[in-house]
Amino acid sequence: MGPALTHIALHVADPDACIDFYRRYCGLMVSHERTDGSKRIVWLAEPGRESEFVIVVMPGGKQHSQAPGDYSHLGFAVESRKRVDELCQRARTEGCLAWEPVDEPYPVGYYCGVRDPNGNILEFSFGQPLGPGSPGLGSG
């Protein structure tokens with residue numbers, strides 16, 4: 001067995017804004033929190049998946065900036081096209097929409113991009129062969 005991907009760690013300028021964003025947009029919850037000196041370090045996870053994968057948010061980062069055409073992102077699968085549209089509309093209203101919804105052939109699916117408070121882009125997608133309950137890539 002090879003290494004398992006367990007977390008991604010993000011140094012951010014405003015941890016509280018990022019924690020709130022990931023709660024509201026992704027449904028993540030604080031699964032662990034500790035203080036390292038004067039720094040508060042928070043682990044965010046999907047409920048019930050705390051031992052599988054977390055996003056670690058810690059202070060001290062600079063605002064992230066992506067060049068036009070740079071599609072680096074964190075990908076989140078959602079349950080429907082309607083949910084992609086809802087998140088897109090929320091992001092449009094809140095001024096953090098990075099990409100309008102796009103519908104591409106399998107295995108890419110329907111997706112939009114949303115910028116977190118630190119400038120990282122999240123993709124919310126439906127129809128990709130990834131995520132809980134997915135039949136996997138070989139079934140498309």
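Residues to consider are 31, 51, 80; find the one that is small (Gly, Ala, Ser) and in contact (Cβ under 8 Å) with a residue 40 or more places away in the chain.
Numbers: 31 fails: in contact (Cβ under 8 Å) with a residue 40 or more places away in the chain; 51 fails: in contact (Cβ under 8 Å) with a residue 40 or more places away in the chain.
None of the other options fit; the residue is 80.
Based on what the data block shows, is residue 59 buried (at least 16 other Cβ atoms within 10 Å of the Cβ), out of contact with any Leu (no Cβ under 8 Å at 6 or more places or on another chain) and at pLDDT 95 or above?
Values: buried (at least 16 other Cβ atoms within 10 Å of the Cβ): yes; out of contact with any Leu (no Cβ under 8 Å at 6 or more places or on another chain): yes; at pLDDT 95 or above: yes.
Taking the combined requirement at face value, the residue satisfies it.
I'd like to check which strands (runs of 3 or more DSSP E) are fully inside the range 4-60 and have at least 1 residues that are of a type in the set (A, V, I, L, M, F, W, C) and over 15 Å from the mean Cα position of the chain (by Cα).
Numbers: elements: 7-12, 29-36, 39-45, 54-59.
Qualifying strands (runs of 3 or more DSSP E): 39-45, 54-59.
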Here is a list of conditions, (1) loosely packed, with under 13 Cβ neighbours inside 10 Å; (2) outside the structural domain of residue 125 (by TED's automatic domain parsing), and residue 70 meets all of them except one; can you say which number that is?
-> (2)
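Only one residue in 34, 24 is within 18 Å of residue 120 (Cα to Cα), exposed (fewer than 15 other Cβ atoms within 10 Å of the Cβ) and outside the structural domain of residue 119 (by TED's automatic domain parsing), so which one is that?
Selected residue: 24, the only one of 34, 24 that is within 18 Å of residue 120 (Cα to Cα), exposed (fewer than 15 other Cβ atoms within 10 Å of the Cβ) and outside the structural domain of residue 119 (by TED's automatic domain parsing).
Working carefully through the options 54, 12, find the one that is among the β-branched types (Val, Ile, Thr), farther than 28 Å from residue 136 by Cα and surrounded by 13 or more Cβ atoms within 10 Å (Cβ to Cβ). Outline the logic, then answer.
Numbers: 54 fails: farther than 28 Å from residue 136 by Cα.
None of the other options fit; the residue is 12.
Where in the range 70-140 are the strands (runs of 3 or more DSSP E), entirely inside, with at least 2 residues that are more than 17 Å from the chain's Cα centre (by Cα)? So that I can check it myself, show each step before the final result.
Working: elements: 74-77, 97-104, 109-115, 121-126.
Passing ranges, in order: 97-104.
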Selection from the range 58-76 of residues of a type in the set (Gly, Ala, Ser) and closer than 13 Å to residue 10 by Cα yields 60, 61
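Among the candidates 47, 59, single out the residue that is closer than 30 Å to residue 136 by Cα and not small (Gly, Ala, Ser). Give the steps one after another, and end with the answer.
On the way: 59 fails: closer than 30 Å to residue 136 by Cα.
Being closer than 30 Å to residue 136 by Cα and not small (Gly, Ala, Ser) holds for just one of 47, 59, which is 47.
The values are calculated or read from the model by the stated rules, or taken from the named source; none is laboratory data. Predicted model, so just to flag it, every value in this text is computed and none were measured. Positions of Cβ are backbone-derived with ideal geometry, glycine not excepted, and every protein chain shown enters the neighbour counts.
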